[in-house]
Amino acid sequence: MQILRSSFADSIAAMRLDRAQARIAETYDVKVGTETVALAIAVSRVLAEDVTAPISLPAADNSAIDGFALRFDDLRVDGPSILPLHGRTPAGPSPDAALPPGCAGRIFTGAVLPSGADTVVMQEDCAVIDGKLHIPQGIFRGANRRLAGEDLSHGKLALPAGRRLMPPDLALLAALGFDSIAVRKRLRVAIFSTGNEIATPPHPLRRGQVYDANRALLCGLLQRLQIDVVDGGILPDEAEATKAALRTAAGNADLVITSGGVSAGEEDHVRAAIESIGRLEFWRVAIKPGHPVTLGVMDGTPLLGLPGNPVAAMVTFWAIGRPLLDRLAGATSVPSLRLSVQCGFHHLKKSGLREYVRVQIKPDGIAYVYPKKGTGILTSLTEGDALLELTEELTSIRAGDFAPCIPLLSLYG
Ligand code: AMP
Ligand code: MG
């Protein structure tokens with residue numbers, strides 16, 4: 001009787017996703033040193049050190065509007081007030097001209113309050129008649145005043161080491177006076193597709209071939225993380241060639257990522273290659289899609305084998321690859337945003353498996369399963385909105401149930 005490798009494979013229990021992620025966090029550490037780069041090119045780079053605020057934001061009390069600065073205590077509480085005008089403070093560097101008691105001074109948005117003033121009234125709310133300012137009743141103390149340090153005060157932590165810098169982080173650093181910043185050096189990641197059927201343009205497709213979607217996917221995902229990509233091309237379904245290519249790539253990169261060839265068929269050579277040139281961390285994770293995802297290591301370089309179906313490659317890149325890349329890059333892994341949505345469909349699932357269902361959120365705010373369910377369906381990612389996350393213990397969801405969903409856009413950041 002012939003024993004298929006898959007029957008042996010089926011006897012190996014898959015690792016829970018949270019266990020695989022914990023294994024990654026325990027096993028891998030930052031692989032890159034630090035360098036200083038201009039803020040203008042720092043987006044998505046990983047902050048190397050804590051940044052404390054060298055100045056307060058704002059640096060001084062200033063006006064939030066165009067109007068008139070005054071002392072609140074000079075206003076009547078039982079009716080409108082009339083104050084003589086004194087001075088003019090536009091935004092920009094200027095010496096302090098103190099506001100004399102009992103006066104109001106013209107002021108513009110962003111200008112530092114003259115000393116003595118604590119309140120600003122909006123120009124639209126008052127009138128200047130015969131050189132005097134008429135102010136209605138009901139202004140409150142400190143109105144329209146931006147306090148020094150109200151955003152962030154001098155010496156406080158602005159951003160922690162390990163933060164992947166997003167555009168607002170760059171704005172904060174710029175506002176604090178930085179024009180360059182210490183970040184982790186870029187990781188170098190080698191990528192391969194595998195499979196005798198995988199083709200690249202401009203060659204016309206022959207019967208039985210498919211164009212390579214996964215290298216384009218991985219290039220895009222890695223570029224979003226400011227990672228240098230070493231494109232290893234396409235490996236044939238052949239054991240020795242796979243081993244040799246992975247061995248060379250591992251000596252040349254911080255991480256090697258392949259797609260395809262990790263299932264249990266005789267034409268799947270990646271897991272066996274990883275096992276023979278290094279050590280297997282895990283093979284098979286209790287996740288759908290993406291069950292056969294594989295992680296190994298050769299001489300300290302991790303080798304990540306993603307499944308070949310593009311949706312499974314995408315989901316496992318996010319679930320396994322991203323936490324791994326964060327460790328290697330010195331980045332703090334931030335859990336993806338989960339929003340609770342109501343489901344507009346029934347779905348049965350196996351217990352013990354973490355499942356990610358591609359959904360569209362329709363204008364009624366309800367999540368509907370993407371009608372084409374295969375893990376090769378690329379349009380489920382281009383037209384879908386989110387992954388519904390169904391935890392291990394669940395065996396079904398029914399229309400009307402709420403479940404956490406992860407916006408697809410947040411998988412790529
Ligand atoms: P495998 O995991 O190698 O058995 O591949 C599973 C499925 O994904 C097969 O239908 C492959 O043709 C397909 N596939 C594998 N690699 C790619 C790729 N780079 N681009 C598009 N489809 C792929
Ligand atoms: Mg294959």
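Each other residue within a Cβ distance under 12 Å of A22 adds +1 if Lys or Arg and -1 if Asp or Glu, for a net charge of +1.
Relative contact order for the stretch 339-412: what is it in percent, counting Cα pairs under 8 Å that are at least 6 residues apart? It would help to have the intermediate numbers written out before the result.
Working: 149 pairs, mean separation 33.2, N = 74.
So the answer I get is 45 percent.
Shown are D50, D401, whose ranking by accessible area with a 1.4 Å probe and every protein chain present, most to least, is D50, D401. Between helix 17-27 and the chain, what is the angle of the helix's C-alpha long axis to the longest principal axis, kept within 0 to 90° and rounded to the nearest 10? The answer is roughly 80 degrees. Partners of K373 within straight-line reach, counting lysines whose Cα lies under 22 Å from its Cα and excluding those fewer than 8 residues away in the same chain: K288, K349, K350, K362. Remark on G308: its backbone amide H falls under 5 Å from those of G260, G261, V262, a criterion applied only to residues 5 or more positions apart or on other chains, H modelled at 1.01 Å from N.
The GNM of the chain, with springs linking C-alpha atoms under 10 angstrom apart, assigns the highest mean-square fluctuation among R354, R145, R224 to R145. Between R207, R188, R16, the GNM of the chain built on Cα springs shorter than 10 angstrom shows R207 fluctuating the most. Here the 3J(HN,Hα) profile of the stretch 408-413, calculated from phi with Karplus coefficients 6.51, -1.76 and 1.60 at θ = phi - 60°, is 4, 4, 6, 7, 9, x Hz, Gly and Pro shown as x. Considering only G374, V311, A60, the residue lying farthest towards the positive end of the dipole of the chain is G374, judged by Cα position with unit charges set on Cβ.
Expressed as a whole percent, the accessible area of the chain that falls on carbon and sulfur atoms is 55 (1.4 Å probe). Peptide packing: for 308-315, 124-131, the average count of neighbouring Cβ atoms within 10 Å per residue gives the ranking 308-315, 124-131, highest mean first. Computed from point charges on the beta carbon alone (+1 for Lys and Arg, -1 for Asp and Glu), the dipole magnitude for the stretch 62-146 about its Cα centre is near 140 Debye. Between 0 and 90 degrees, rounded to the nearest ten: what's the tilt of helix 239-250 against the longest Cα principal axis of the chain? Roughly 30 degrees, rounded to the nearest 10.
Report the gain in length on full extension from T391 to Q360: 0.36 nm times residue separation, minus Cα-Cα distance, nm rounded to one decimal. If you can, show how the numbers build up before the last one.
On the way: separation 31, 0.36 × 31 = 11.16 nm, distance 1.92 nm.
In short, 9.2 nm is gained.
Electrostatic bookkeeping for G195 treats Lys and Arg as +1 and Asp and Glu as -1; over the other residues with beta carbon under 9 Å from its beta carbon, the sum is -4.
Counting only aspartates and glutamates at least 8 places from K31 when in the same chain, those with an alpha carbon closer than 15 Å to its own are D228, D254, D299, D326.
Just want to confirm a number: the relative contact order over the stretch 62-146, from Cα pairs under 8 angstrom separated by 6+ residues, in percent. Before the final figure, lay out each step's value.
Numbers: 203 pairs, mean separation 36.2, N = 85.
Result for the stretch 62-146 is 43 percent.
Estimated at 0.36 nm per residue, the fully extended path between A127 and R76 surpasses their Cα-Cα distance by 16.7 nm.
Taking the convex hull of the alpha carbon positions in the chain and averaging its projected area over all directions gives 28.9 nm².
In the context of the full set of protein chains, the stretch 339-412 has a per residue accessible area of 50 Å² (1.4 Å probe).
Each residue was assigned an accessible area with a 1.4 Å probe, and for F317 the value is about 0 Å². Surface calculation, 1.4 Å probe, protein heavy atoms: L353 sits at approximately 30 Å² accessible.
Report relative contact order for the chain in percent, whole number only (criteria: Cα-Cα under 8 Å, sequence separation at least 6). Show your work: numbers first, answer last.
Numbers: 909 pairs, mean separation 69.1, N = 413.
For the chain, the relative contact order is 17 percent.
Residue separation times 0.36 nm, minus the C-alpha to C-alpha distance between D151 and D231: what's the value?
Details: separation 80, 0.36 × 80 = 28.80 nm, distance 4.41 nm.
Between D151 and D231, full extension yields 24.4 nm more.
Seen from Q342, the other residues with C-beta closer than 15 Å to its C-beta sum to a net charge of -1, counting Lys and Arg as +1 and Asp and Glu as -1. When the chain is treated as a Gaussian network with alpha carbon springs shorter than 10 Å, the biggest mean-square fluctuation among D385, D73, D231 belongs to D73.
The values are calculated or read from the model by the stated rules, or taken from the named source; none is laboratory data. None of these values were measured; they are calculated from a predicted model. Counting neighbours? That spans all protein chains shown, and the Cβs are built from the backbone with ideal geometry, glycine included. We work out accessible area using only protein heavy atoms, side chains counted, and drop any ligands, DNA or RNA first. Shrake-Rupley method; radii C 1.70, N 1.55, O 1.52, S 1.80 Å.
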